[in-house]
Every structure is written in structure tokens, then in C-alpha cells.
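Let me begin by presenting the structure, written as C-alpha cells, before commenting on it.
The values are calculated or read from the model by the stated rules, or taken from the named source; none is laboratory data. Remember, it's a predicted structure, so these values are computed and weren't measured experimentally. Here the Cβ positions follow ideal geometry from the backbone for every residue, glycine too, while neighbour counts run over all protein chains shown. SASA here: full protein model, heavy atoms, side chains in, ligands and nucleic acids out. Shrake-Rupley method; radii C 1.70, N 1.55, O 1.52, S 1.80 Å.
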Amino acid sequence: MIDPVIRLSRSIVGRAEADAASRVILDDGYLGMGAEVARFEAELGAYLGVDAAQVSCVSSGTAAVQLAVQAVVDPGDEILVQSLTFVATFQAIAAAGAVPVACDVTPATVTIDLADAARRCTPRTRAIMPVHYASNPGDLDAIYAFARDRGLRVIEDAAHAFGCTYNGRKIGSAADVACFSFDGIKNITSGEGGAVVTADPLIGARVRDARLLGVEKDSEKRYRGQRSWDFDVSRQGYRYHMSNIFAAIGRTQLARLDREFAPARVALAGRYRAALGDAPGVRLFDTALGPVVPHIQPVRILGGRRDAVREQLEAARIQTGIHYKPNHLLTRFGGGTPCLPVTEALYDELLSLPLHPGVTAADVDRVCGIVRSVAAPNEVA
Ligand SMILES: *Cc1c(COP(=O)(O)O)cnc(C)c1O
């Protein structure tokens, strides 16, 4: 589709973000990682209710996952993770030298199926990575209990879930390790970016060093406009830090989240649910809108009609998506051998409908009208 009328997702940025970026460029002139990043981390910490020292901003959500994994496990260690996630999750685990072990999901929430994960535990299993699919953390208490029972670390891929709450606490604030994405279309954006949040000071220090080539304790100096010349490096590092420009954009977005973006996403998702809850041939996933601030709006289209629905929406210049192609079906991560029945069945039914704060209530009604008419089993061809 060349020019969709209703886009699947998009950045909601404008004058405030442009002014913030130009403040860094014109007034400050230091474009690397400096005081603006320190301020973003402080504000993220305040928002989440954790100490700023627990928050490390990095260049992307993928970098956040890679650095978190590298800080937690040793090369060759296995991590239990649902196959049904963005390929970034799997690539980041692999980039850190760990082995992503593809697990099935629970069909009601598309979160990791712990019974399946239990069967895939080996002596090399060191961590479990829940993916908060469509921003829903699922039964996070059960995941932490599962990890405690087996001596595993928990690294949350919370790329979808910035701004969400679970048991009354912000996602990330009670995590072992949580990874956020601030890419262009997530709940807030910094242009590109991400963050690792952890209460474990050793993991936090490893992430902060690794984002700056492994140079030990360099972050604090850079926040004060200094840097290290005589330093030591003892672990693998990268250039995965966040720039002051991106931090300035992120700070502006953070200030808009609870006032603007979160209520809009929750209201639009609520409208989808009201319009499609009883639609023949359509199934919704369980979620808790409000605490869950949805990043995407996936639904199931039953009876083999997903592609027909998709085509009718595209014909009306309404963009859709499929979140996601399961990773075990990719050559790199399992060679394409089917082995996860729930995941594979869902992959044929998944359809993501437009969701971002620029979608209107009328847009949702139009989308749902088409979905209802084409998804219905008695539709005459
Ligand atoms: C977006 C995303 C990532 C990666 O974040 P980037 O900032 O795009 O690198 C990782 N996992 C999931 C589930 C995502 O949706």
C-alpha cells in the first residue's frame, strides 16, 4: 500500500520534540551521551518510582535486551522465551552469546506458556524472558514464582509495556531486569532508544559500562561533561549509549504519556473491544486496559479468513500488521520446523489493526465495520 489513509502505527511528534532536539543542538552542542541523558534517566526513574541509578538508557530496545542478557548470563546459557515475539528479542539474545529456547504461548494472552517452558528447562537454562505482548505482562507473578523455583533470572522484554502497571506498580519498577524500547512507534519514542531497568547494582553497572565500549565507570563522568582517559576494560562493550538529542526527545514524550498518549491508546483499544467483542469469526485476547496501555491491537480472525480481511482493509487503504512471525520458523532460530502448536495456529489468525494516538474513534468504527463484515463465517463470496 503506497499511501494508507489509516496507518498501522506512527510516531506522534511535533513542535515540542523539535524544540527539545534543537535546544540540544543550538544551546548545548554536545550531541553524545551527557547531561540530557542523565536527566532522562532521572525522569524515567521518577516515573517508574525507582532510583535513577537503576535506569540505563541505550541506543535501542534491541541493545537493551542484548546488554541485559550479556550482563546476566554466560555464553552458551539458555533463555526460555516465547517464539511469538519480534525477531529483535531472539537476535538480541543470540548477539549476547546466549541461546534463545523457543517456547509456546498461552492462547488467551499470547504470553509464555509456563508448562511448555518447564518441559524445555535443561541444566543450561539460566533465565526466562517474558515478552509483554501487546503490552500485557500476563501472569507475571507466576513467571517470577517459576523462576524462583528453578533459580532462574527474569529478564522482561517490556518493549511494548512502557507506562503499564501490574499489581499497582509500574512495569519495570519491581523487575529483576526489564528492557524498554523507545523506537519511533512504541508507547513513547526518543527517535530510537531503549532502557534497561534493574534493582541489581551489578547488572546495572555492567549494562552502563557495556554501552560505552566496556570502559569502566565512564557514565558518571560523561554526565558531568568529562570522560575517562586512564581506564580499564574487563568485559565486552559496544557503542550502544543514547545521544543527548534522543534523550531530549524522550523527555518530551515522557511528559506527554500519561496526559495524552496512554488515555488515547486505552480509549481506542476499548472501542475496538466494544465493536469486535461479539463479532462472529473474531476473537479478542484477554487484557486489562488501563493498567495495560496497548502498543498494538492484535485480534484473531478465525476460519481461514485472516488474509481476506486483510485484503479488504488494504483495499480501503487501512494498513494492518501481523505480530509476529514466530522465531522458530526462521532459518536462524530453529530452521523452520513446526513444534509449537499454539504459536503456529495463532500465526495463521493474527491480525493487528491500526493503533496509535493519531487514530480517531471514527477510524476505529470504519476498521471494525470491514472486519465484522468480512470475518463473519456466513459471508457470501
Ligand atoms: C520493538 C521491540 C524490540 C526492540 O526494540 P527496538 O527499539 O526497535 O530495537 C524488542 N522486543 C519487542 C517485543 C519489540 O516490540
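Compared with the dominant Cα axis of the chain, that is its longest principal axis, helix 35-48 is turned about 50°.
Scaling the Cα radius of gyration of the range 96-238 by the globular reference 2.2 N^0.38 Å produces a ratio of 1.17. The simple spin-label model puts a point 7 Å past each Cα toward its Cβ; for Ala46 and Arg283 those points are separated by 4.5 nm. Distance between the pseudo-spin-label points of Leu330 and Asp348 (7 Å out from Cα toward the beta carbon): 2.3 nm. Annotation: the range 26-163 has a Kirkwood hydrodynamic radius of 16.0 angstrom, from the mean reciprocal C-alpha pair distance. When peptides 333-346, 220-233 are ranked by their average number of other Cβ atoms within 10 Å per residue, the highest-first order is 333-346, 220-233. Ordering 269-279, 55-65 by mean Cβ neighbour count within 10 Å, with the highest value first, yields 55-65, 269-279. Normalised by 2.2 N^0.38 Å, with N the number of residues, the alpha-carbon radius of gyration of the range 44-118 equals 1.25. A simple spin-label model places the labels of Arg224 and Ala16 3.3 nm from each other, with each point 7 Å out along Cα-to-Cβ. Counting heavy atoms of the protein chains alone, Glu216 has an accessible area of about 60 Å² for a 1.4 Å probe. Which whole number in µm²/s is D for the range 179-233 by Stokes-Einstein, with the Kirkwood Rh taken over Cα pairs at 37 °C and 0.692 mPa s? The calculation lands on 260 µm²/s. Subtracting the Cα-Cα distance of Tyr30 and Ile322 from their residue separation scaled by 0.36 nm leaves 101.1 nm.
Going by a ≥ b ≥ c, the root eigenvalues of the Cα gyration tensor, does the range 228-381 fall in the rounded group (a/c under 1.5), the prolate group (a/b larger than b/c) or the oblate group? Cα axes put the range 228-381 in the oblate bin. Bridges between two residues of the chain, per DSSP, are antiparallel at a rate of about 60%. Straight Cα distances below 13 angstrom link Lys217 to the aspartates and glutamates Asp209, Asp230, Asp232, with same-chain residues fewer than 8 positions distant left out.
The listed residues Asp28, Asp149 rank as Asp149, Asp28 when sorted by accessible area, largest first, using a 1.4 Å probe.
Write down the Kirkwood hydrodynamic radius of the range 312-381, to one decimal in angstroms, obtained as one divided by the mean of 1/r over all alpha carbon pairs. Its Kirkwood hydrodynamic radius stands at 14.4 Å. For the chain, the spread of Cα coordinates along the three principal axes comes to 74, 53, 37 Å, biggest extent given first. Compactness ratio for the range 190-296: Cα radius of gyration over 2.2 N^0.38 Å (N = residue count) comes to 1.58.
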